[in-house]
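This report refers to the structure that appears directly beneath it.
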Amino acid sequence: MLFRSRLQTIALSPDGSTLACADDGDSVHVWNLASTQQHRRLPLQHGVGRLAAHPKSGVVALLLVHSPIVEVWDVDSNDRLARFQTADAAVMAARFADDGSTLRTVGVQGTVESWNWRDGARTAAAVPLGRPTAALAVSPADGSLAFGGIGVLEGRSSDGSRSEEHTSEL
């Protein structure tokens, strides 16, 4: 596979057969890894900063660059399934639940939200983390969160109560 643009982010399908890559323009390229051929390009009108792959299907969440907007696409049919706006100024990371039912997002200002990704309806109250955030992980066992920004990594239970914090000096 040859990628001629600057790569922004990638996501791998659960079965390892498909790779989605966002370039530094307004394109998401979808590759079949067995044939190493690009088999789809999502028709976007904005740049993509991050991708999150659905754990059980050919669905991908696209986080638009410097934007509170999330778009959910079916990469097999090339259809946009949902588009919704988060409460934060810009979405930094997203993760689907292991069962594929919900999508969690975190914004640059540290607001975690849970969504029904099929229709963009919020499924739980927003959880303000109280600090700038750039990355998010969700435990498949109990929904607890790990998130971080510059010099900080913190954990919280699924209800948002603080459990642990680690800082580092760079």
**Study point:** Looking only at the range 97-115, and only at residues there that are in a strand (DSSP E or B) and in contact with a Lys or Arg (Cβ under 8 Å, 6 or more places away or on another chain), the one that is most open to solvent (accessible area, probe 1.4 Å)
**Key:** Arg104
Practice item. Could you figure out which of (1) polar (S, T, N, Q); (2) open to solvent by 70 Å² or more (accessible area, probe 1.4 Å); (3) under 17 Å from Gly49 (Cα atoms); (4) modelled with pLDDT under 90 isn't true of Gln85? Key: (4)
Point to revise | Entirely in the range 1-94, the strands (runs of 3 or more DSSP E) that have 2 or more residues that are closer than 20 Å to Asn116 by Cα | key: 48-53, 59-64, 69-74, 79-85
Check your understanding: Only one residue in Val48, Val30 is closer than 26 Å to Val106 by Cβ, surrounded by 14 or more Cβ atoms within 10 Å (Cβ to Cβ) and under 14 Å from the mean Cα position of the chain (by Cα), so which one is that?
Key -> Val48
Review point. Restricting attention to the range 66-85, does a residue exist that is among the basic types (Lys, Arg), under 27 Å from Gly130 (Cα atoms) and free of Cβ contacts under 8 Å to residues at least 40 places away in the same chain?
Key: yes
**Study point:** Close pairs from the range 31-43: first within 21 Å of Asp79 (Cβ to Cβ), partner among the hydroxyl-bearing types (Ser, Thr, Tyr) and surrounded by 12 or more Cβ atoms within 10 Å (Cβ to Cβ), Cβ under 6 Å, at least 6 apart
**Key:** Arg41/Ser27
Study note, to complete from the structure: All-but-one check, Ala121 against (1) open to solvent by 20 Å² or more (accessible area, probe 1.4 Å); (2) at pLDDT below 85; (3) hydrophobic (A, V, I, L, M, F, W, C), failing number (2)
Practice item. Residues being in a strand (DSSP E or B) and open to solvent by 80 Å² or more (accessible area, probe 1.4 Å): count how many of those fall in the range 126-141. Key: 1
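The values are calculated or read from the model by the stated rules, or taken from the named source; none is laboratory data. Everything numeric here is computed off the predicted structure, so don't read it as measured data. So basically every Cβ, Gly included, is an ideal-geometry build from the backbone, and we count neighbours across all protein chains shown. SASA here: full protein model, heavy atoms, side chains in, ligands and nucleic acids out. Shrake-Rupley method; radii C 1.70, N 1.55, O 1.52, S 1.80 Å.
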